[in-house]
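**Q** The structure that follows is given in the form of structure tokens.
The values are calculated or read from the model by the stated rules, or taken from the named source; none is laboratory data. In this text, all values refer to a predicted model and were calculated from it rather than measured experimentally. Here the Cβ positions follow ideal geometry from the backbone for every residue, glycine too, while neighbour counts run over all protein chains shown.
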């Protein structure tokens with residue numbers, strides 16, 4: 001009969017051997033899948049292009065860049081990548097590392113970007129470029145900065161978080177653009193509404209249609225035009241939206257957002273989207289490009305996303321021609337302002353580089369609106385193309 005004192009070590013050895021076999025089996029399976037499965041070009045959940053196998057040249061082998069590229073490739077093409085990324089994200093949060101990925105896991109399901117990085121030199125240069133442009137025009141110019149989500153929804157943030165400097169940034173905007181732009185300040189409007197209105201998506205850094213609606217009316221009042229009434233729109237709800245902060249945080253179990261598409265009633269719309277240097281244009285009679293609702297990234301449903309130039313004509317509105325210079329926040333804003341203007345010329349400086357924006361003023365433009373998130377006003381490198 002086997003002595004009990006000898007039985008326990010034997011059982012432990014069996015368990016250890018079994019665990020080692022399982023671990024080695026998993027490693028072998030991952031290794032095999034890595035070579036058997038085809039490489040992926042794009043991660044829908046992370047909303048980014050994945051690295052491909054790098055070309056190995058003598059130069060890159062000698063300077064170490066080939067090793068870095070190969071490491072990135074292995075990380076991006078790892079089998080079950082979404083699972084491992086999610087495990088890492090939840091582990092970091094469990095040990096108190098909230099915000100290390102640039103996103104705070106906040107209350108009520110919100111995923112909120114950490115405070116923007118200070119870039120005073122670029123911020124001053126952007127404001128100077130915008131000021132120089134407006135001084136060359138003879139039409140009223142308005143600047144509509146979008147406050148950071150964390151600044152407005154500070155009650156949702158974790159107890160330990162970085163400082164949002166929107167107040168100081170608004171002060172700087174006033175100093176640098178006073179007398180040239182009328183700044184549409186959303187701080188009080190948004191903070192007053194945050195208890196009753198979802199202003200920003202929970203899984204994305206953009207404002208919701210409700211947030212954009214408040215901003216649109218704040219601008220229209222400042223411009224001396226009639227404010228929009230909700231009754232002028234038919235509202236369609238679309239469930240299952242996951243945005244950029246969800247992709248970055250990798251907290252995959254967070255609930256999805258609901259998007260709202262606000263369509264102006266009885267509007268005779270024509271929308272033309274084009275990119276400079278390309279002959280192709282898209283034309284339709286709706287501000288919503290609904291084919292994107294079948295994709296994982298649904299935000300381009302608003303005016304087909306970001307393009308060099310978007311031209312909107314609403315024949316049911318008799319007057320008003322707006323030049324809107326914007327980042328991606330402007331897509332939702334323009335879909336609403338199209339109910340208040342006869343024409344909108346919308347420019348995205350990330351893609352509008354080979355022609356002068358000022359040439360569009362000859363299209364009968366009577367108002368200029370610059371709409372950027374505070375983050376892009378501070379850090380964007382493309383505003384310098386404005387001329």
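**Q** Kindly list the number of the only condition in (1) touching a residue at least 60 places away in the same chain (Cβ under 8 Å); (2) in a helix (DSSP H, G or I); (3) touching a helix residue (DSSP H, G or I) at 6+ places or on another chain (Cβ under 8 Å) that fails for residue 248.
**A** So the condition that residue 248 fails would be (3).
**Q** Which of (1) touching a strand residue (DSSP E or B) at 6+ places or on another chain (Cβ under 8 Å); (2) under 19 Å from residue 117 (Cβ atoms) does residue 208 not meet, given it meets every other one?
**A** (2)
Residues are listed down the side, and each one gets a yes or a no for (1) more than 23 Å from residue 210 (Cβ to Cβ); (2) surrounded by fewer than 14 Cβ atoms within 10 Å (Cβ to Cβ); (3) within 20 Å of the chain's Cα centre (by Cα):
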| position | (1), (2), (3) |
| --- | --- |
| 248 | yes, no, yes |
| 268 | yes, yes, no |
| 271 | no, no, no |
| 274 | yes, no, no |
| 278 | yes, yes, no |
| 285 | yes, yes, no |
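**Q** Scan (1) surrounded by fewer than 19 Cβ atoms within 10 Å (Cβ to Cβ); (2) closer than 20 Å to residue 361 by Cβ for the single condition residue 318 breaks and write down its number.
**A** Result: residue 318 passes all but (2).
**Q** Follow-up. Just the residues that are surrounded by fewer than 22 Cβ atoms within 10 Å (Cβ to Cβ) and closer than 21 Å to residue 281 by Cα, please, taken from region 296-315.
**A** Matches in region 296-315: 298, 299, 300, 304, 305, 306, 308, 309, 311, 313, 315.
**Q** May I pose another question? Inside region 230-240, can you point out the residues that are in a strand (DSSP E or B), over 22 Å from the mean Cα position of the chain (by Cα) and without any contact (Cβ under 8 Å) to a residue 60 or more places away in the chain?
**A** Residues satisfying the conditions are 234, 235.
**Q** Exactly one of these conditions fails for residue 267: (1) in the same structural domain as residue 214 (by TED's automatic domain parsing); (2) touching a helix residue (DSSP H, G or I) at 6+ places or on another chain (Cβ under 8 Å). Give me its number.
**A** (2)
**Q** Now for a separate question. Conditions: (1) part of a loop (DSSP other than H, G, I, E, B); (2) in contact with a helix residue (DSSP H, G or I) (Cβ under 8 Å, 6 or more places away or on another chain); (3) on the phi > 0 side of the Ramachandran plot. Residue 108 meets all but one. Number of the miss?
**A** (1)
**Q** Given the options 313, 287, name the one that is in contact (Cβ under 8 Å) with a residue 24 or more places away in the chain and out of contact with any helix residue (DSSP H, G or I) (no Cβ under 7 Å at 6 or more places or on another chain).
**A** 313
**Q** For region 354-387, which residues satisfy the criterion of being under 21 Å from residue 207 (Cβ atoms), assigned to a loop (DSSP other than H, G, I, E, B) and without any contact (Cβ under 8 Å) to a residue 60 or more places away in the chain?
**A** Of everything in region 354-387, just one residue is under 21 Å from residue 207 (Cβ atoms), assigned to a loop (DSSP other than H, G, I, E, B) and without any contact (Cβ under 8 Å) to a residue 60 or more places away in the chain, namely 382.
**Q** Run down 137, 131, 197, 189 and say which single residue is surrounded by fewer than 22 Cβ atoms within 10 Å (Cβ to Cβ) and touching a strand residue (DSSP E or B) at 6+ places or on another chain (Cβ under 7 Å).
**A** Only one candidate passes the filter, namely 137.
**Q** Can you tell me which residues in region 321-338 are surrounded by 22 or more Cβ atoms within 10 Å (Cβ to Cβ) and either over 24 Å from the mean Cα position of the chain (by Cα) or in a strand (DSSP E or B) (or both)?
**A** 322, 323, 324, 325, 326
**Q** Out of region 341-356, which residues are buried (at least 19 other Cβ atoms within 10 Å of the Cβ) and out of contact with any helix residue (DSSP H, G or I) (no Cβ under 6 Å at 6 or more places or on another chain)?
**A** 341, 343, 348, 352
**Q** Within region 298-309, can one find any residue that is at pLDDT 95 or above, touching a strand residue (DSSP E or B) at 6+ places or on another chain (Cβ under 6 Å) and assigned to a strand (DSSP E or B)?
**A** Yes; the residues of region 298-309 include at least one that is at pLDDT 95 or above, touching a strand residue (DSSP E or B) at 6+ places or on another chain (Cβ under 6 Å) and assigned to a strand (DSSP E or B).
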